[in-house]
Amino acid sequence: LKDRMLRCFTSEVIRLNDMEMESFREIFDELNYERKSGGDYPIVFAQILKMFNKLSERQQSNPIIPDPPSKETAAVVNAVAYINAYYRRIKSMDEISNACFISKSYLCHVFKQQYNMTVMEYLKKVRIRYACEFLATTDKSLSLIAQKMGFNDLSHFSKSFKQIMGCSPKSYRIQKKKEREDNDNQKIEKSN
């Protein structure tokens, strides 16, 4: 049951980082213990609600890149919001500029000026960020992840991933799996 519940936190809607996943596991174990022992567990429910509230706040304000040094324009803010919401289905720069009601050339100019990268580079970083979460928390195939993230093919996904992350998607998954196993082993050693 706990593993099924944890899977919901790697969805397209709510994501937990490793520390939050561990915190949720502890809260779930505490809740399960209180339930079995006939204890009073409203405090544990309060912890769960607090975690959901924190996640909700983070989902509302989770920029991938820091605030730009200059004053943000509405066009750039809208473009970033649009990309973060629809990164999986965006096909072109025209789609982004049309959604933001701004010319493509102006959007390209102000975006590059404020973020020191192109709009499409930003889109690629968003896709790779979410791909990292899938690679670290699921066993889905690389081609399925590439497709879910909006890449046309596995080759383009792998090339983009290596360019941004410095390793292949497969290597990244292996590294994250090893890190999880090492963390689990450390916890077992501490509990003994």
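Here, each number is a calculation from the coordinates, and none is a lab measurement. What you see is a predicted model, and the numbers here were worked out from it, not measured in a lab. All Cβ positions, even for glycine, are placed from backbone atoms using ideal geometry, and neighbour counts span all protein chains on display.
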From the cross-link list LYS104/LYS162; LYS104/LYS124; LYS50/LYS176; LYS91/LYS125; LYS162/LYS187; LYS91/LYS176, the entries with a Cα-Cα span beyond 20 Å are LYS104/LYS162; LYS50/LYS176; LYS162/LYS187; LYS91/LYS176
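Say R0 is 41 Å: what FRET efficiency, to the nearest 0.05, do LEU144 and SER37 get from their beta-carbon distance? Write out the running numbers ahead of the final one.
Details: r = 42 Å, r/R0 = 1.02.
The computed FRET efficiency comes out at 0.45.
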Using a Förster distance of 30 angstrom, determine the FRET efficiency expected from the C-beta separation of GLN163 and ASN185, and round it to 0.05.
-> 0.40
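Summing Lys, Arg as +1 and Asp, Glu as -1, what charge do residues with Cβ under 11 Å from the Cβ of LYS159 carry, LYS159 excluded? Display every interim value, and only then the final one.
Working: positive: LYS124, LYS162; negative: ASP153.
After counting each charged neighbour, the total is +1.
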In Hz, Karplus ³J(HN,Hα) per residue of region 114-128 (6.51, -1.76, 1.60; θ = phi - 60°; x = Gly, Pro) = 7, 10, 6, 7, 7, 4, 5, 5, 4, 4, 5, 5, 4, 4, 5
